[in-house]
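Working notes for the structure below.
The values are calculated or read from the model by the stated rules, or taken from the named source; none is laboratory data. Just so we're clear, the structure is a prediction, and the values are computed from it rather than from any experiment. Glycine gets a Cβ as well: all are built from the backbone with ideal geometry, and neighbour counts include every protein chain shown.
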Amino acid sequence: MKLFVTGMVVLGMTGYAFAQNRFDLLLTGGHVIDAKNGISAVRDVGIKDGNIAAVAEHLDPAQALKVVNVAGLYVTPGLIDIHVHVFAGTGERNSYAGDSSLYPDGYTFRVGVTTVADAGCAGWRNFEEFKDKVIDRAKTRVFAFLNIVGAGMRGGRFENDLKDMEAAPAAEMAKKHKDVIVGIKTAHYAGPEWTPVEHAVEAGTAANIPVMVDFGEDRPERPIQDLLTKKLRPGDIYTHCFSGLRHELDEAGKVNQGMIDGRKRGVIFDVGHGGGSFAWRIAVPAMQQKFLPDSISTDLHTGSMNSGMKDMLNVMDKFLAMGMSLDDVVVRSTWNPAKEIHHEELGNLSVGSPADVTVLRVENGNFGFTDMYGARLGGKQRLAAELTIRNGKVVYDLNGITRPEWTTLPKGYTQTGNTAWDAITPARAGRGGRKGGPPAKQ
Ligand SMILES: [Zn+2]
């Protein structure tokens, strides 16, 4: 009976399909990079009911509702950007809980990102507004680091208020929304005290989640060596690791011993490029000294989106330009960040995992990449997102590789996809016109 009902639904959508397909969507011939499973090789990837159903050298196309040939392209887990600012829509000026933030969907799928983590725009006082206004409405999977500041990232007046950095209510909010809140953030603090870090760690410990630190103003009273070797716990995250703003390289140009010692203890190092946190003169020597970041992230906000930082792929490109292999770049944009935010169901293509999948093209040519100061580094490769799949459905398709040629379709065609794999062209509302708008007033 269940099969019959499913079959009716599918037939209703397309007129052609059968319910017995082993796969709703099958990607064939692409080079799969899946660090969790140790795969970097040509593989077919089968998707069913929103999950990865099979990864193998050959999967039978006759068992798939939709087959897409991705030969010559790279198939990776959906990219995960753990440092963005997306608490848009409140109308507050000069605030990351407002105008400095961006709605996520315009900046994610088109560059292969399926999951983001907001880096502390909201604190416990305004998190539920953020959840309602953005997180619950986005098509992108949105997690959040909760700011240790109760008011969130609303500017210096709030972010330097030691009285509003209470661990208990932050931990309570994190536990209440543990499906969405993946960590505690401290950021932008200008004073000499350790209070923001200490209270963030206290909240993180109580809620059993990591702390992400933007270490704010450089203060001699609280050097990064002490932060990384004494204050943070293994698994806590130091973001903006190549900014150079807090002695990440010492006077001699060597990676700060505190960074090396912190890494040995298990502290995580994240890029967090942003508008003012990535310099070639720091990143290149650090990479030459084999101090690679654990995760690659953008620090996307209105002040970074059109600066040296362009988008997630642009930040990944920069690591290719510095000589990192594509496999090493991809693991830092998928599996590593998934582990860092304790969401190991993501960032991999294991059977049963949510089918968040990105298909990338490596373009060869003469390209250039700029840092926070506008300094340039040339490169020969650039990544482009051909296809982005979220929960098993195509949400972005740059060149229409999943679509039929229009000349092959019936005269007067309307629907060209199938809701089993297609989220781009859902069924039209019908002749009555487009549906939408707010619900009618009661
Ligand atoms: Zn940030």
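Checking 73, 79, 59 one by one, the residue that is under 23 Å from the mean Cα position of the chain (by Cα), farther than 29 Å from residue 136 by Cα and more than 16 Å from the ligand (Cβ to nearest atom) is 73 and no other.
For (1) outside any helix (DSSP H, G or I); (2) surrounded by 24 or more Cβ atoms within 10 Å (Cβ to Cβ); (3) not polar (S, T, N, Q), each residue gets a yes or a no:
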site: 333; (1), (2), (3): yes, yes, no
site: 344; (1), (2), (3): yes, no, yes
site: 351; (1), (2), (3): yes, no, yes
site: 360; (1), (2), (3): yes, yes, yes
site: 382; (1), (2), (3): yes, no, yes
site: 387; (1), (2), (3): yes, yes, yes
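Would you check if there is a residue in segment 230-238 being assigned to a loop (DSSP other than H, G, I, E, B), under 23 Å from the mean Cα position of the chain (by Cα) and either of a type in the set (Gly, Ala, Ser) or at pLDDT below 95 (or both)? Yes.
Only one of the numbered conditions (1) touching a residue at least 24 places away in the same chain (Cβ under 8 Å); (2) within 18 Å of residue 117 (Cα to Cα); (3) in contact with a strand residue (DSSP E or B) (Cβ under 9 Å, 6 or more places away or on another chain) is violated by residue 136, and that is (1). Of the residues making up segment 202-215, those that are within 23 Å of the chain's Cα centre (by Cα) and crowded, with 20+ Cβ neighbours inside 10 Å are 204, 207, 209, 210, 211, 212, 213, 214, 215. Listed by first and then second residue, the pairs linking a residue in segment 245-268 that is more than 26 Å from residue 373 (Cα to Cα) to a residue that is of a type in the set (Ser, Thr, Tyr) and not in a helix (DSSP H, G or I), with Cβ atoms under 9 Å apart and 6 or more places separating them unless they lie on different chains, are 262/238; 267/238.
Of everything listed in (1) within 23 Å of residue 170 (Cα to Cα); (2) more than 16 Å from the ligand (Cβ to nearest atom), the single unmet condition for residue 258 is (1). Once segment 135-166 is narrowed to residues that are outside any loop (DSSP other than H, G, I, E, B) and small (Gly, Ala, Ser), the residue that is farthest from residue 300 (Cα to Cα) is 156.
Regarding segment 239-251, can at least one residue be identified that is within 15 Å of the ligand (Cβ to nearest atom), of a type in the set (Val, Ile, Thr) and over 14 Å from residue 277 (Cβ atoms)? No; the residues of segment 239-251 include none that is within 15 Å of the ligand (Cβ to nearest atom), of a type in the set (Val, Ile, Thr) and over 14 Å from residue 277 (Cβ atoms).
Where residues in segment 282-306 are of a type outside the set (S, T, N, Q) and within 16 Å of the ligand (Cβ to nearest atom), which of them is surrounded by the fewest Cβ atoms within 10 Å (Cβ to Cβ)?
303
This table checks each residue for (1) in a helix (DSSP H, G or I); (2) more than 28 Å from residue 352 (Cβ to Cβ); (3) at pLDDT below 95.
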{"position": "53", "(1), (2), (3)": "no, no, no"}
{"position": "62", "(1), (2), (3)": "yes, no, no"}
{"position": "68", "(1), (2), (3)": "no, no, no"}
{"position": "75", "(1), (2), (3)": "no, no, no"}
{"position": "98", "(1), (2), (3)": "no, yes, no"}
{"position": "119", "(1), (2), (3)": "no, yes, no"}
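Rundown of residues vs (1) more than 16 Å from the ligand (Cβ to nearest atom); (2) more than 24 Å from residue 271 (Cβ to Cβ), yes/no style:
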residue: 111; (1), (2): yes, no
residue: 122; (1), (2): no, no
residue: 135; (1), (2): yes, no
residue: 141; (1), (2): yes, no
residue: 147; (1), (2): no, no
residue: 154; (1), (2): no, yes
residue: 157; (1), (2): yes, yes
residue: 167; (1), (2): yes, yes
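For residue 309, state whether it is within 15 Å of the ligand (Cβ to nearest atom), under 26 Å from residue 106 (Cβ atoms), under 16 Å from the mean Cα position of the chain (by Cα) and surrounded by fewer than 21 Cβ atoms within 10 Å (Cβ to Cβ). Answer is no for this residue. Tell me, which residue of segment 27-50 that is free of Cβ contacts under 8 Å to residues at least 40 places away in the same chain and touching a strand residue (DSSP E or B) at 6+ places or on another chain (Cβ under 7 Å) is surrounded by the most Cβ atoms within 10 Å (Cβ to Cβ)? Step by step, filter segment 27-50, then rank; the result is 46.
Selection of first residues in segment 112-133 that are free of Cβ contacts under 8 Å to residues at least 24 places away in the same chain and of second residues that are within 16 Å of the ligand (Cβ to nearest atom), restricted to Cβ pairs under 7 Å at least 6 apart or on distinct chains, gives an empty result.
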